[in-house]
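Worksheet: the structure to be examined is printed underneath.
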Amino acid sequence: MLVLALDTATPTLVAGLARWTPDGGAEVLAERAVPSGTKHAELLTPAIQGAVADAGLALGDVEAVVTGLGPGPFTGLRVGVVTAAAIADARGLPVVGVCSLDAIGSGARTVVTDARRKEVYWAAYDDAGRRVEGPGVVRPEEFGRGGPFVGDPAFAERLGSAVAPAEVTTAGLLRAAGAQLADPVGAPLVPLYLRRPDAVPPTSIKAVTR
């Protein structure tokens, strides 16, 4: 099965193509990892087109779509989830959503990524790579959990422990989606926001005319 994998939960968006087999194997054919900051909307489609071209294939060859559901910022997550849903709906393909933290690193680890507001998103995994706690959001100084940590090294000092650099990958997304790809059930894509948005409704309405 040819799978298009997307993630926009972190400052580096990912678009990749891979061959997935029911035994859990995944051969990554092409991947674009693009530092995107807050420009996911502008950069995701070109990244998808680039990955498809790199693989020497066409978007019409894709047979399933996998997307990261976060946790991550509201706007970034919406870009990835809506794009994945639109491609799948237009082509009548199965679409699978996974926790983006599940696609970072492997084995026993605690994943930490930038949640802004001086906080981190986190999740913990056992030796087999199964998530055993999280996802959650916390200030690093208040985390009180040991490593090994992987993810964003910028938080090493505040965590009081080294953080091995790691990011979302196409292979990680397919690994996390394996069970759902084997038996797609058409579950809705629900982003993992974990907290309320930064934007708030105005408390008063300003007059635009005198």
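Quick look at the values:
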item	result
Residues that are within 18 Å of Val168 (Cβ to Cβ) and either modelled with pLDDT under 95 or touching a Pro at 6+ places or on another chain (Cβ under 8 Å) (or both), drawn from the stretch 15-29	Ala26
Those residues of the stretch 11-46 which are in a loop (DSSP other than H, G, I, E, B) and among the basic types (Lys, Arg), in sequence order	Lys39
Glu119 closer than 15 Å to Pro71 by Cα, open to solvent by 70 Å² or more (accessible area, probe 1.4 Å) and acidic (Asp, Glu)	no
Which numbered condition Leu93 fails, given (1) of a type in the set (A, V, I, L, M, F, W, C); (2) over 23 Å from Val28 (Cβ atoms); (3) assigned to a loop (DSSP other than H, G, I, E, B)	(2)
Meets criteria (more than 22 Å from Ala182 (Cα to Cα) and either more than 13 Å from the chain's Cα centre (by Cα) or of a type in the set (Lys, Arg) (or both)) for Asp114	no
Some residue of the stretch 43-58 being open to solvent by 30 Å² or more (accessible area, probe 1.4 Å), closer than 16 Å to Leu173 by Cα and over 12 Å from the mean Cα position of the chain (by Cα)	no
Filter result for the condition that a residue is surrounded by 14 or more Cβ atoms within 10 Å (Cβ to Cβ) and within 17 Å of Ala171 (Cα to Cα), over Arg32, Arg78	Arg32
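The values are calculated or read from the model by the stated rules, or taken from the named source; none is laboratory data. Quick caveat: nothing in here was measured; it's all calculated off a predicted structure. For neighbour counting, all protein chains shown are included, and Cβ atoms are generated from backbone atoms with ideal geometry for every residue, glycine included. In case anyone asks, the SASA skips ligands and DNA or RNA and just uses the protein heavy atoms, side chains included. Shrake-Rupley method; radii C 1.70, N 1.55, O 1.52, S 1.80 Å.
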